[in-house]
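See below for the structure under consideration.
The values are calculated or read from the model by the stated rules, or taken from the named source; none is laboratory data. Just so it is clear, the structure is predicted and the values come from calculations on it, not from any experiment. Here the Cβ positions follow ideal geometry from the backbone for every residue, glycine too, while neighbour counts run over all protein chains shown. The protein model used for the area step is the full one, side chains on, heavy atoms only, and it has no ligands, DNA or RNA in it. Shrake-Rupley method; radii C 1.70, N 1.55, O 1.52, S 1.80 Å.
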Amino acid sequence: MARIAGVNIPTNKRVAISLRYIYGIGPQNAVEICEKLAIPLERRVNQLTDEEILRIRELIDREYRVEGDLRREVAMNIKRLMDMACYRGLRHRRGLPVRGQRTHTNARTRKGKAVAIAGKKKVTK
């Protein structure tokens, strides 16, 4: 199993797919890395030589912000918004949707499990 940027990437998948397991590398970046290093897209991770893995590791360390650094930066950006007490910061603080989604219905992912209101009866028509 190859270890790149502190992540064990799967060995039996194609390189462009396996690189996506690293936080901060998506489909476009994965293909871009393969093209820069002249690694064929259909090559699998277990077919890579140690030198190719080392080149991938060095390229990612040099040109991309991934894993811990990126997570820290995102957390700091959210904390900055919360400290400013701007609208987006308040939404983050309250655990509500930040980007203008409706909350009357839906938004269960951000709001959490629905809590029943005591004493409220269903209205029958």
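Would you please name the residue that is farthest from GLU51 (Cα to Cα), looking only at residues in the stretch 3-20 that are of a type in the set (A, V, I, L, M) and out of contact with any Cys (no Cβ under 7 Å at 6 or more places or on another chain)? If we take residues in the stretch 3-20 being of a type in the set (A, V, I, L, M) and out of contact with any Cys (no Cβ under 7 Å at 6 or more places or on another chain), then ILE17 is farthest from GLU51 (Cα to Cα). Screening SER18 against (1) at positive phi; (2) in contact with a Pro (Cβ under 6 Å, 6 or more places away or on another chain) leaves a single unmet condition, (1). Once the stretch 102-125 is narrowed to residues that are without any contact (Cβ under 8 Å) to a residue 12 or more places away in the chain and surrounded by 11 or more Cβ atoms within 10 Å (Cβ to Cβ), the residue that is nearest to the chain's Cα centre (by Cα) is ALA107. Test GLU67 against the criterion of being surrounded by 14 or more Cβ atoms within 10 Å (Cβ to Cβ), within 30 Å of ASN8 (Cα to Cα) and charged (D, E, K, R), and give yes or no. Yes, satisfied. When ARG80 is tested against (1) of a type outside the set (S, T, N, Q); (2) within 15 Å of the chain's Cα centre (by Cα); (3) modelled with pLDDT of 95 or more, exactly one condition is not met: (2). Checked against (1) farther than 26 Å from ALA107 by Cα; (2) surrounded by 14 or more Cβ atoms within 10 Å (Cβ to Cβ); (3) free of Cβ contacts under 8 Å to residues at least 12 places away in the same chain, MET82 meets all criteria but (1). GLU32 meets all of the listed conditions (1) open to solvent by less than 80 Å² (accessible area, probe 1.4 Å); (2) modelled with pLDDT under 90 but one, namely (2).
Taken over the stretch 61-76, the criterion of being within 15 Å of the chain's Cα centre (by Cα) and not basic (Lys, Arg) is satisfied by TYR64, VAL66, GLU67, GLY68, ASP69, LEU70, GLU73, VAL74, ALA75.
Of the residues ARG20, ARG43, ARG3, ARG14, the single one that is open to solvent by 80 Å² or more (accessible area, probe 1.4 Å), basic (Lys, Arg) and touching a residue at least 24 places away in the same chain (Cβ under 8 Å) is ARG14.
Look through the stretch 85-101, keep the residues that are out of contact with any Leu (no Cβ under 6 Å at 6 or more places or on another chain) and among the small types (Gly, Ala, Ser), and return whichever of them is surrounded by the fewest Cβ atoms within 10 Å (Cβ to Cβ). Applying the filter and picking the extreme gives GLY100.
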